[in-house]
Amino acid sequence: MEKTRNEKAWFLVLPVLVLVAFSAVIPLMTVVNYSVQDTFGNNVFFWAGLEWFKETLASERILNALGRQAFFTAVILAIEVPLGILVALSMPKRGVWASVCLVLMALPLLIPWNVVGTIWQIFGRVDIGLLGHTLAAMGIEYNYTQNALDAWVTIIVMDVWHWTSLVALLAYAGLQSIPEAYYQAAKIDQASRWKVFRYIELPKMSGVLTIAILLRFMDSFKIYTEPFVVTGGGPGNSTTLLSIDLVKMALGQFDLGPAAAFSIIYFLIILLVSWVFFTVMTNLDKKEGK
Amino acid sequence: MAWMAWTWPTAIFFAVIALLLVIFSVLAIRYPETPRVGVLRIETTRGDRLFIALLGSAFINLAWLGLGAAPQWGALIVCLVYAAAVFRFV
């Protein structure tokens, strides 16, 4: 069947364009304008050129925050993706238990970020929290407010608790789309469980897994609320991730120029990685379509 | 518009980007093309190549600034060469 071509249909996109311009493009342009100027408030600006970019690129504080951020994202991806796949593989494929599992898996995703932070902040406290209290009773020294390693373990476990179900649900959707005939063919060939996973399930899940990795990368790379509520970036600066540092700079110190330059570099990194993922994803789709 | 803290250099920067988008949109409508596969082994249209050229240019400028030896307009020359290479080979 021949496709209908109507270029006027592009006008239907206009409302979205206006909305995006209002909520994203114009604010982003303002950030670019701020990044080349200095201000002390009252809407008075002084030209600073590329000074803030130079300062940001040479700042040890920001590079350290970037390192911590990259480490955080790498660790949670390394845990959440395999764990999510494992959970999806263990879930029942049909029947009432499948629905129960789906609802249970969706629950953590429905909890707002600040509530998740508060839950874990209290949960981990040695005096009143169940986790902190239990660990103390077992003789394990654990204090996320004073020990950097404990703080890191807490925010990583918290993120895994909050977001593994997203990966699991996406992987589950990928698994459900595999026709039964594939498994029957594998059975006839006496394929091992590993081979069924490697040659049937994993390739069929690759599309949704790329989406899962992309979503988790973007979200974890700009994570703010949860670690801020639990550790406030501490102890010291040990869990100060990029967005926490950015907010400190922009709102705490009111250094709007440097914070704007910092935001643009931050934005460019996310844009680059997201574009790479998006390209890989669309190319996978095209290969599958062939 | 005063709240947006406009400066002439940033206004020119955005005007150039807007102009590029308009030119490429007009080109896409007037001369439709089929995507091609270049050195990156991915299908790209003119618009994709513009995006790759602009994003890469941003990083070239940042790297130039970070290394800090030569004046910044040197990065612009590198970006133009890079953009030409992207449009030719990607």
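Of the helices (runs of 4 or more DSSP H) lying entirely inside segment A:1-81, those containing at least 2 residues that are modelled with pLDDT of 90 or more and among the β-branched types (Val, Ile, Thr) are A:14-20, A:26-35.
Taken over segment B:38-59, the criterion of being at pLDDT 90 or above, open to solvent by 50 Å² or more (accessible area, probe 1.4 Å) and within 11 Å of another protein chain (Cβ to nearest Cβ) is satisfied by B:Asp48, B:Phe51, B:Leu54, B:Phe59.
Counting only helices (runs of 4 or more DSSP H) that sit completely within chain B, those holding 1 or more residues that are in contact with a Pro (Cβ under 9 Å, 6 or more places away or on another chain) and within 22 Å of A:Trp10 (Cβ to Cβ) correspond to B:46-67. With respect to the conditions (1) closer than 30 Å to A:Arg68 by Cβ; (2) at pLDDT 90 or above; (3) β-branched (Val, Ile, Thr), A:Val196 lacks only one, and its number is (1). Among the residues making up segment A:256-275, those that are under 17 Å from B:Gly66 (Cα atoms) and of a type in the set (Ser, Thr, Tyr) are A:Ser263, A:Tyr266.
Taking segment A:207-236 as the range and being assigned to a loop (DSSP other than H, G, I, E, B) and more than 23 Å from A:Val167 (Cα to Cα) as the test, the residues that pass are A:Thr231, A:Gly232, A:Gly233, A:Gly234, A:Pro235, A:Gly236. So if I check each of A:Lys287, A:Lys204, which one is at negative phi, touching a Gly at 6+ places or on another chain (Cβ under 7 Å), at pLDDT below 90 and part of a helix (DSSP H, G or I)? From the options A:Lys287, A:Lys204, the qualifying one is A:Lys204. On inspection, A:Val157 does not qualify as assigned by TED's automatic domain parsing to the domain that holds A:Val126, β-branched (Val, Ile, Thr), buried (at least 17 other Cβ atoms within 10 Å of the Cβ) and part of a helix (DSSP H, G or I).
The values are calculated or read from the model by the stated rules, or taken from the named source; none is laboratory data. Just so it is clear, the model here is predicted, and its values are computed rather than measured. Note that we place each Cβ from the backbone using ideal geometry, even for glycine, and neighbour counts take in every protein chain shown. Surface areas here come from the heavy atoms of the whole protein model, side chains and all, with no ligands, DNA or RNA. Shrake-Rupley method; radii C 1.70, N 1.55, O 1.52, S 1.80 Å.
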